[in-house]
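Encoded as structure tokens, the structure appears first; notes follow it.
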């Protein structure tokens, strides 16, 4: 039986340069967007909610899982690409380095995890979960960078930022659990 696998990126966060990025939480806007989608029934067939270990992803996953009456499974290795070498970067500088990250996937840009390595890591985590062949749809909650790498993998596309989610996060794509066939590209939570 075919099940739907969705990968959802956390929506807007509280940006605080004094706190390590993995510990940032959802902003009021991000929380409201997540709570609003739980009323749509989009995730009603979901039997598993799997989250990155980063705070913003966990908060997103917990809101959805609570509505479904299921637990969140946290998988630490689903984290965003490791950018600890630079820490917080101001938006313009971040965008420049992110462009290099996607544009040179075989290179560690300014000490960041290489895109090819991040892709292998996140695909491995998803495949580990899917190998359990648990009945029902699966929702993975994570991040834009590794989510784009995951999308490129399942869509059979070269790593390229042109395939990145829409600005603001809170986007998802879907694929089938059996054939790993992409059903649709990135959509905003509001585009149900």
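A short reminder: the numbers here are calculations on the coordinates, not readings from a lab. Computed from a prediction, not measured in an experiment: that's the story for all the values here. Cβ placement follows ideal geometry from the backbone for every residue including glycine, while neighbour counts extend to all protein chains displayed.
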Degrees separating the helix 115-130 axis from the principal Cα axis of the chain, which is the longest one: 20
Helix-only [θ]222 nm of the chain, DSSP H runs n ≥ 4, -39500 (n - 2.57) each, per residue, nearest 500: -11000 deg cm²/dmol
Distance between modelled label sites at residue 28 and residue 40, nm, 7 Å Cα→Cβ extension: 2.3
Nearest 10 degrees, 0 to 90: helix 144-155 Cα axis against the chain principal axis: 60
Overall form of region 21-114 per C-alpha gyration tensor (a/c, 1.5; a/b vs b/c): prolate
Gain upon complete extension [residue 131, residue 183; 0.36 nm per residue less C-alpha separation]: 16.8 nm
DSSP bridge pairs, the chain: antiparallel proportion in percent, nearest 5: 45
The chain: angle of helix 28-38 to the longest principal axis, Cα-based, in degrees nearest 10: 30
Global geometry of the chain, whether rounded, prolate or oblate, following the gyration tensor of its Cα atoms and the 1.5 cut on a/c: oblate
